Amino acid sequence: MTEFLIRSNIKLEFTNNELYSVLLNMLRYYPKQILEDSMKKLFGVITAMTTPFDENDQVDIEALEQQTEFLIKKGVNCLYPCGTTGEMYLMSVEEREKTAETVVRKAAGRVTVFIHCGAMNLTDTIRLCQHAHSIGADGVGVVTPSYFGANDRAILQYYVDICAALPNDF
């Protein structure tokens, strides 16, 4: 029997690697209304943003601010910087934080901002998620690290660890 401890001493237990059975257990512990009430709703046009760079290969903050403003004026409902369209695998953690800060600041609450925080390791992913929360992002997106295969149990633990590092209402 494998146990996963998730916030507030909620335990998930399962005897095999099938993620499906784990998710069923999760739904028993998290009634639908609790999940719905605590999740920010995405709707409308959600734009995966590109990340502009200058001639010195640095994030071009001015161009990023202009892009953010342009998208908001065109009616986008949610901005999603730092994903694969935004060069996430080519950027340092510090560059990704700077990009996130710029978009959240420039959006100034006019649209929803979800920051992509997936990285090739758990430490960087958690750091980016905590940073997104601290700067006022509405939420995060996280992809499972690629290249190295992981079984269902390892993938679930990856997301459990991320969730445990963030406030319950984020």
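The values are calculated or read from the model by the stated rules, or taken from the named source; none is laboratory data. These numbers come from a predicted model, not from an experiment. With ideal geometry, Cβ positions are generated from the backbone for all residues, glycine too; neighbour counts draw on all protein chains shown. The protein model used for the area step is the full one, side chains on, heavy atoms only, and it has no ligands, DNA or RNA in it. Shrake-Rupley method; radii C 1.70, N 1.55, O 1.52, S 1.80 Å.
For residue 159, the accessible area of its heavy atoms, probed at 1.4 Å with every protein chain present, is near 70 square angstrom.
Scanning residues 5 or more positions from residue 53 or on other chains, those with amide H under 5 Å from its amide H are 60, with H placed 1.01 Å from N in the peptide plane. Take the Cα of residue 61, step 7 Å toward its Cβ, do the same at residue 135, and the gap between the two points is 1.1 nm. Simple spin-label estimate for residue 161 and residue 53 gives 2.9 nm between the two label positions (7 Å along the Cα-to-Cβ direction from each Cα). Semi-axes of the equivalent ellipsoid of the range 92-131 are 20, 10, 7 Å, computed as sqrt(5λ) over the eigenvalues of the C-alpha gyration tensor in descending order. Surface listing: 114, 43, 170 arranged by accessible area from highest to lowest gives 43, 170, 114, probe 1.4 Å. Potential lengthening of the chain between residue 150 and residue 122 amounts to 8.8 nm, from the contour at 0.36 nm per residue minus the alpha-carbon distance. In order along the range 98-109, phi translates into HN-Hα couplings of 4, 4, 4, 4, 5, 5, 4, 4, 5, 5, 6, x Hz, rounded to whole numbers, per the Karplus curve 6.51 cos²θ - 1.76 cosθ + 1.60 with θ = phi - 60° and x for Gly and Pro. The charge dipole of the range 84-152, taken about the Cα centre with unit charges on the Cβ atoms of Lys, Arg (+1) and Asp, Glu (-1), comes to about 280 debye, rounded to the nearest 20. Computed from label points 7 Å out along Cα-Cβ, the spacing between residue 85 and residue 105 is 2.4 nm.
Residue order by solvent-accessible surface for 133, 116 is 133, 116, largest first, with ligands and nucleic acids left out and a 1.4 Å probe. Between residue 169 and residue 43, the FRET efficiency from the beta-carbon distance, with R0 = 25 Å, is close to 0.85. Considering only 118, 79, 129, the residue lying farthest towards the positive end of the dipole of the range 59-131 is 79, judged by Cα position with unit charges set on Cβ.
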